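Bear in mind these aren't lab numbers, they're just calculated from the coordinates by the rules spelled out. The structure displayed is predicted, hence computed values, not measured ones. We place every Cβ from the backbone using ideal geometry, glycine too, and count neighbours over all the protein chains shown.
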Amino acid sequence: MTLENGEDIVLAQNPDLKLQAGDIQNKFIFKSKSNTVNLVTEVNSQTRRQLLQNKLKLEWMIGNIDDYVSVNRCFKCSRYNHRHTECKSEEVCPLCAGKHKLKECTAWRPDYKCINCITYNAYNKDRKTHVNHSSLDWNCLSLQTIIVMYRQNTNY
């Protein structure tokens, strides 16, 4: 499957969804670390609701549908909602929250600290979250909070 023929494959193999040409706009394809191929598309709100209620047949696979949410994380300070080119903060290691670059880090997994969760704890004295993970961890409470906020602010 390619970006060019992705829509044709979806339409041909999923006639029960009654999708029309133009309902799906393929954006890009990427492979996850587990070699899962993901097709990222843009659809209107009605098509999105319909797709989320079904599984999708793609070539020899039957796949799940989910929203694709991309969070900007700065490679300099490891915080969210900006890029390193716009960053005015100090360099922070995404693994141990030290003041050095990632490639200079010698911390082992038990020593990892998340700068975002450390910051959260500094501002929320009554509700603490654990910080013993890197800021690259997908299970980070700070990251999951940002994703929830992105989804709430998206007008479907």
### Members of segment 76-99 found to be within 30 Å of Tyr156 (Cβ to Cβ) and surrounded by fewer than 16 Cβ atoms within 10 Å (Cβ to Cβ), listed by number
Asn81, His82, Arg83, Glu86
### Message
So, in segment 1-59, exactly how many residues are touching a strand residue (DSSP E or B) at 6+ places or on another chain (Cβ under 9 Å), loosely packed, with under 10 Cβ neighbours inside 10 Å and closer than 19 Å to Ser70 by Cα?
### Response
2
#### Entry: Residue list for segment 109-145, restricted to those being assigned to a helix (DSSP H, G or I), surrounded by fewer than 18 Cβ atoms within 10 Å (Cβ to Cβ) and touching a residue at least 40 places away in the same chain (Cβ under 8 Å)
Thr119
### Task
State whether the residues of segment 19-37 include one that is in a strand (DSSP E or B) and hydroxyl-bearing (Ser, Thr, Tyr).
no
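Which residue is nearest to the chain's Cα centre (by Cα), if the candidates are limited to segment 38-83 and must be part of a strand (DSSP E or B) and closer than 30 Å to Lys103 by Cα?
Arg73
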